[in-house]
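> Here you go, one structure.
The values are calculated or read from the model by the stated rules, or taken from the named source; none is laboratory data. Worth saying up front: this structure is predicted, and the values here are computed from it rather than measured. FYI the Cβ positions are ideal-geometry reconstructions off the backbone, even for glycines, and counts take in every protein chain you see. Note: areas computed on protein heavy atoms with side chains; ligands, DNA, RNA excluded. Shrake-Rupley method; radii C 1.70, N 1.55, O 1.52, S 1.80 Å.
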Amino acid sequence: MKTKIANFFEKLRSSYWFLPSVMSILAVVLAIALIAVDIFKDQYGFLNIPWFKLTGAAGARAILSTVASSMITVTGIVFSLTIVALSLASQQFGPRLLQNFMRDRGNQFVLGTVTSTFLYCLLVLGTISEDPIFPFVPHFSTLLALLLAVLCVGVLIYFIHHIAESIQVTNIITAVSRDLDAAIKRLLPEKVSETGRELDDKYLLAEILPERFDDLARPIPALSSGFLQAIEFSGLLDLAEKKELLIRMKHRIGHFVVTGEPLVEIWPEESVDSEALEKTINGYFIFGHKRSQEQDMEFFINELVEIAARALSPGVNDPFTAISCINHLGNALCDLAQRVFPPVIKKDSKNRVRIIIYPNTFEQIVGVAFNHIRQYGRSHAAVTIRLLENIRMIIPCTCYPEQRKALLSQASIIERESRVGLSDEADRRDVYERYQEIIQEMEKCSGVIGRA
């Protein structure tokens, strides 16, 4: 339930309407409260301060009408600028980056401010009365409407500046990189140096699995399709302990699952005695029509890769943007190399293995970060060289031979593809020199760790 609630609030946070809706509700509450204060003031002489009475009924109506009509115009401007920014971002950087613009709190706050001010003025405007018997002019409410109008002017100036800043490619890359760093710290909070923990026992799974597990395990099909956004591991672990099950995942977060495709495998087979158990297990998996950043570390890596890939396309041909993405990816991989990845097994309260996870590994993330950029950038000498320089930078941060092996494999492929992709002999020679530096760095790091 906790994971589902977190997933729900993440969807709310990434929606463009949520914050403006909340602010509109608050505007209604504020209007009712201040009208009540004005009524109380008129009836009991409460805070009967002369300078609060800015104008009469006609003047208050004119002020509120002017502010309300202005806010509708400003709302149109905000929508127009937002649509233009979204169109530019979609065409130049990729449609998946639209989520970042939709989640931007600054844009949501601006839209919420102008729409809330309009709604507030509209509600207050309806209370003005010129009846000679029961006249009513909400002076407090009108004064606040003027203050809100001044605030909206400042918000509009901020919005124009903010929207111009937000579509600059360097700021977009920096924002995605910042989100990636936060995701790494959230999903992989422990560092190897802090725990002294060795590599996970993923290589001992053959000993953990029961005999003939692959032949006798019962596949549980997915009852819905979509991207796997989150998994409620605590509930799944409790179910496995209660039913005496061993569950092996067939997918990891971010995979697209088709209805009827095996979601997990259950052992022993005879424990799966009803469709109710299949529905219960499916209930611990959250699917959606798009990938989510809640438990998906690859989400932000793919965003940086997509920006780099589009920058290297023939229609754009912007290797400097690709190099900037490579730099941020290298920084993230330096951090990841020193993090403790989650174990591939989860045990119950009696220390018995109950869940075998389809894991994220450093080696797999290296492939996600470099494969596409390497393929698109094989004909760009500067991009190829920067890839190798980043690999050399990451090597001293690694803690295990498997990590260095994955990096060396990438470097070897990059150097081999450069012989075909680069037409100039001087460029190929520069690439080869960077590759030799990686070999030397690899030998140095292996020697230091071996002596330690």
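> Counting only protein heavy atoms, what percent of the accessible surface of the chain is carbon or sulfur at a 1.4 Å probe?
Ligands and nucleic acids excluded, carbon and sulfur reach 61 percent.
> For PHE8 and ASN171 in one chain, what is 0.36 nm times their gap in residues minus the Cα-Cα distance, to one decimal in nm?
Residue separation times 0.36 nm, minus the Cα-Cα distance, leaves 55.9 nm.
> I'd like to check one number: the per residue accessible area of the chain, probe 1.4 Å, reported in Å² as a whole number. Spell out each step's value before the answer.
Values: 22230 Å² over 452 residues.
Result: 49 Å² of accessible area for each residue.
> Here's something else I'd like to know. Find the relative contact order for the stretch 365-450 and round it to a whole percent, using C-alpha pairs within less than 8 Å whose residues are 6+ positions apart.
Across the stretch 365-450, relative contact order equals 38 percent.
> Given that compact globular proteins tend to follow 2.2 N^0.38 Å, what is the ratio of the alpha-carbon Rg of the chain to that value?
Its radius of gyration relative to the 2.2 N^0.38 Å reference: 1.31.
> Separate question: Give me the angle, in degrees from 0 to 90, between the Cα long axis of helix 169-187 and the longest principal axis of the Cα atoms of the chain, rounded to the nearest 10.
The angle comes out near 70 degrees.
> Hey, another quick one. Given the peptides 423-429, 371-377, 130-136, 157-163, arrange them by the average over their residues of other C-beta atoms within 10 Å, most packed first.
Packing proxy ranking, top to bottom: 371-377, 157-163, 423-429, 130-136.
> Next up: Please report, in whole Å, how far the alpha carbons of the stretch 278-348 spread along each principal axis, starting with the longest.
51, 32, 14
> For the stretch 362-452, would you read off the P(r) tail past 16 Å as a percentage of all alpha carbon pairs?
Counting pairs separated by more than 16 Å, the tail of P(r) holds 50 percent.
> Put one equal scatterer on each alpha carbon of the stretch 73-134, apply the Debye formula with no solvent term, and list log10 I(q)/I(0) at q = 0.23, 0.25, 0.28 1/Å to two decimals.
Rounded to two decimals, the profile gives -0.94, -1.02, -1.13.
> Turning to a different aspect of this structure: Once you measure Cβ to Cβ distances between cysteines in the chain, which Cys have no partner under 4.7 Å?
CYS121, CYS152, CYS325, CYS399, CYS445
> Now for a separate question. Let's test the formula: R0 of 56 Å, r as the Cβ-Cβ distance of GLU241 and ALA33. What FRET efficiency results, to the nearest 0.05?
Plugging the Cβ-Cβ distance into 1/(1 + (r/R0)^6) gives 0.60.
> Still on this model: Calculate, in nm to one decimal, what PHE134 and ASN331 gain on full extension: separation in residues at 0.36 nm each, minus their alpha carbon distance.
Extra length available between PHE134 and ASN331 comes to 64.0 nm.
> Averaging sequence separations of C-alpha pairs under 8 Å and six or more residues apart, then dividing by the length of the stretch 108-180, give the relative contact order as a whole percent.
28
> For the stretch 280-287, just list the computed ³J(HN,Hα) in residue order, Karplus coefficients 6.51, -1.76 and 1.60, θ = phi - 60°, integers in Hz, with x standing in for Gly and Pro.
5, 5, 4, x, 8, 10, 9, 10
> Taking all pairs of different Cα atoms in the stretch 320-397, averaging 1/r and flipping that mean, what Kirkwood radius in angstroms comes out?
14.3 Å is the Kirkwood radius here.
> Find, to one decimal place in angstroms, the Kirkwood hydrodynamic radius of the stretch 256-393, where the mean of 1/r is taken over every pair of different Cα atoms and then inverted.
18.1
> Another one. Looking at the calculated P(r) for the stretch 242-328, what percent of the C-alpha pair distances fall above 23 Å?
The proportion of pairs with Cα distances above 23 Å equals 48 percent.
> Show log10 I(q)/I(0) for the stretch 72-186 at q = 0.11 Å⁻¹, two decimals, from a solvent-free Debye sum over equal Cα scatterers.
Values, matching the q order: -0.50.
> Could you state how much accessible area MET71 has, in square angstrom rounded to the nearest 10, with a 1.4 Å probe and all protein chains kept in place?
Here the residue's solvent-accessible area equals roughly 10 Å².
> Given R₀ = 56 Å, what would the calculated FRET efficiency be for LYS279 paired with TYR400, taking r from the Cβ atoms and rounding to 0.05? Walk me through the intermediate numbers first.
On the way: r = 40 Å, r/R0 = 0.72.
For R0 = 56 Å, the calculated efficiency reads 0.90.
> Compute the acute angle (0 to 90°) between the alpha-carbon long axis of helix 319-336 and the principal axis of greatest extent of the alpha-carbon atoms of the chain; round to the nearest 10°.
With both axes taken from Cα atoms, the answer is about 70 degrees.
> Using the charge dipole of the chain (Lys, Arg: +1 at Cβ; Asp, Glu: -1 at Cβ; taken about the Cα centre), state which of SER65, ILE231, GLY112 has its Cα farthest towards the positive end.
The Cα lying farthest towards the positive end belongs to SER65.
> Now for a separate question. Round to the nearest 10 and give me the degree value, 0 to 90, for the angle of helix 2-13's Cα axis relative to the longest principal axis of the chain.
60
> Quote the relative contact order of the chain in percent (integer), defining contacts as alpha-carbon pairs under 8 Å separated by 6+ residues. Working shown, then result.
Working: 598 pairs, mean separation 64.4, N = 452.
Worked out over the chain, it gives 14 percent.
> Can you list the residues, at least 5 places off or on another chain, whose amide H is less than 5 Å from the amide H of ILE345, using H built in the peptide plane?
ILE357
> Let me ask something else. Over 29 Å between Cα atoms: which of LYS185/LYS279; LYS185/LYS346; LYS191/LYS346; LYS346/LYS444; LYS11/LYS242 fall into that group?
Those over the limit are LYS185/LYS279; LYS346/LYS444; LYS11/LYS242.
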